[in-house]
Amino acid sequence: MGILRLSLIRTLGFLVLGASAVVSAAPGAQAQPSLDREQQIKAAFLYNFIKFVDWPTEVLPATSDTISICVLSDDPFYETLETIKGKAVKGRHLAVRRVGAVKDLESCHVAFIGVAEEKRLPQVMQRLQGSSVLTVGDMEGFTQSGGIINFVVEKNKVRFEINVNRAERARLKLSSQLLGLARVVRE
């Protein structure tokens, strides 16, 4: 148990160091590589979030071999998440898929909702109320609107905030190591 915990702490520490890399938006032709780097950092964060979240056994039984990550609509972040598709986390393989209808998010373990879906956010949160879907967003006010984890860029660094009340209502157990690195939001 001690070795596993130390390994998790090292993994999270490595992630924080990598994700803390400066994410600058240089003008002109340099802006796109910076955006790509930022998206890669966010994908690495999302991959590691899964390591530090426990779902209820009826949602993610021990016999399940897949954790589903869904991206709502045509968000370009989907292509970046393809880089983690098939990787193993907690003895399960990650599946990444697009969903167009809000109702289809209910069959996911992780739902990514990007800024392009801001208008549908109230509908998404209402539909997922009472479910154990880890909602991850990339827009201002996401956690205040009912999302669980939101990416924020502060001083050119990717950070994240967690709405602990929403995580509790979703019956998701978040590791104290993950919470220690987040800006905690309470309702």
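Derivation of every value follows stated rules applied to the coordinates shown; laboratory data play no part. Note that this is a predicted model, so its numbers are computed, not measured. Note that we place each Cβ from the backbone using ideal geometry, even for glycine, and neighbour counts take in every protein chain shown.
Could you tell me the center-to-center distance, by alpha carbons, between the stretch 138-187 and the stretch 36-54 in angstrom?
If we compute the Cα centre of each part, the gap is 13 Å.
Starting from the Cα gyration tensor of the stretch 49-153, multiply each eigenvalue by 5, take the square root, and state the resulting semi-axes largest first in whole Å. Spell out each step's value before the answer.
Numbers: eigenvalues 90, 48, 32 Å².
After diagonalising the Cα gyration tensor, the semi-axes are 21, 16, 13 Å.
Evaluate the distance, in nm, between pseudo-label points positioned 7 Å from the Cα of GLU168 and of SER73 along their respective Cα→Cβ axes.
3.2 nm
Arrange the following residues from fewest to most other Cβ atoms within 10 Å of their Cβ: LYS157, LYS119. Display every interim value, and only then the final one.
Details: LYS157 16, LYS119 7.
Listed from fewest to most nearby Cβ atoms, that is LYS119, LYS157.
Please order LYS155, LYS173, LYS51 by the number of other Cβ within 10 Å, starting at the fewest. All intermediate terms of the calculation are to be shown ahead of the outcome.
Numbers: LYS155 7, LYS173 12, LYS51 15.
The fewest-first ordering by Cβ neighbours comes to LYS155, LYS173, LYS51.
Cut-off is 10 Å between beta-carbons; in what order do THR63, THR80 appear when sorted fewest neighbours first?
Details: THR63 6, THR80 20.
The order, fewest Cβ neighbours first, is THR63, THR80.
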